[in-house]
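**Q** Mind having a look at this structure? Questions to follow.
The values are calculated or read from the model by the stated rules, or taken from the named source; none is laboratory data. All figures in this text were calculated on a predicted structure; none of them were measured in a lab. Cβ placement follows ideal geometry from the backbone for every residue including glycine, while neighbour counts extend to all protein chains displayed.
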Amino acid sequence: MSNWLQLEYLFSRSLPPIEAEVFNMGIGLYLIIFVAAVVFALLRKKKNILNLYRRLWQKLSNWSFAFSIVGLLLLFFRHQMIPYLGMRGWTLIWWVFSLLWLLYILKYWLIEVPRQKEMLEARENFDKYLP
């Protein structure tokens, strides 16, 4: 674990071969997230869904597609032992960036959606008394 804190380990040009277990787990994880992206994209296209939730499904779909495709590319580069593109540091940077992106989506879901839904209900309640 202490190696993950050293820059020369993260950005080493001489890469040892990736272990088969790690490679298979990475492929499985990224494929599961890709399938989730397809499900989110299908949920976004449902007709009887509020625009607030449609936007949430769109954000989750975009995140899942990007995370899985870039993750698979980085895993492929690592498996092929490509010197600069297969560095461990790129995967770590991508995971940190993706986690921050996911936290932004979580903030939208927990803060923005309830606030906008409350405003929409208040507007509907106000509009029902208008002639």
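**Q** Looking only at residues in the stretch 14-37 that are within 13 Å of the chain's Cα centre (by Cα) and in contact (Cβ under 8 Å) with a residue 12 or more places away in the chain, which one is farthest from Leu103 (Cα to Cα)?
**A** Leu31
**Q** Would you confirm whether or not the stretch 85-108 contains a residue that is charged (D, E, K, R) and within 30 Å of Arg13 (Cβ to Cβ)?
**A** Checked against the condition, which is being charged (D, E, K, R) and within 30 Å of Arg13 (Cβ to Cβ), the stretch 85-108 yields at least one hit.
**Q** Determine if the stretch 66-82 includes at least one residue that is over 25 Å from Leu10 (Cβ atoms) and among the β-branched types (Val, Ile, Thr).
**A** No; the residues of the stretch 66-82 include none that is over 25 Å from Leu10 (Cβ atoms) and among the β-branched types (Val, Ile, Thr).
**Q** Here's something else I'd like to know. If a residue counts only when it is modelled with pLDDT of 85 or more and either of a type in the set (Val, Ile, Thr) or surrounded by 12 or more Cβ atoms within 10 Å (Cβ to Cβ) (or both), which helices (runs of 4 or more DSSP H) contained entirely in the stretch 1-111 have at least 1 such residues?
**A** 20-44, 51-79, 88-107
**Q** Does any residue of the stretch 98-117 turn out to be more than 20 Å from Tyr30 (Cβ to Cβ), without any contact (Cβ under 8 Å) to a residue 12 or more places away in the chain and either of a type in the set (Lys, Arg) or in contact with a Gly (Cβ under 8 Å, 6 or more places away or on another chain) (or both)?
**A** Yes, there is a match, as at least one residue in the stretch 98-117 is more than 20 Å from Tyr30 (Cβ to Cβ), without any contact (Cβ under 8 Å) to a residue 12 or more places away in the chain and either of a type in the set (Lys, Arg) or in contact with a Gly (Cβ under 8 Å, 6 or more places away or on another chain) (or both).
**Q** Right, next: Considering Arg78, Arg55, which residue is of a type in the set (D, E, K, R), over 30 Å from Arg115 (Cβ atoms) and out of contact with any Lys or Arg (no Cβ under 6 Å at 6 or more places or on another chain)?
**A** None of the other options fit; the residue is Arg78.
**Q** Let me ask you something else. List pairs: first residue in the stretch 67-87 and within 15 Å of Met25 (Cβ to Cβ), second residue charged (D, E, K, R) anywhere in the structure, Cβ distance under 8 angstrom, at least six positions apart or on different chains.
**A** Note: pairs meeting the criteria are Arg78/Arg88.
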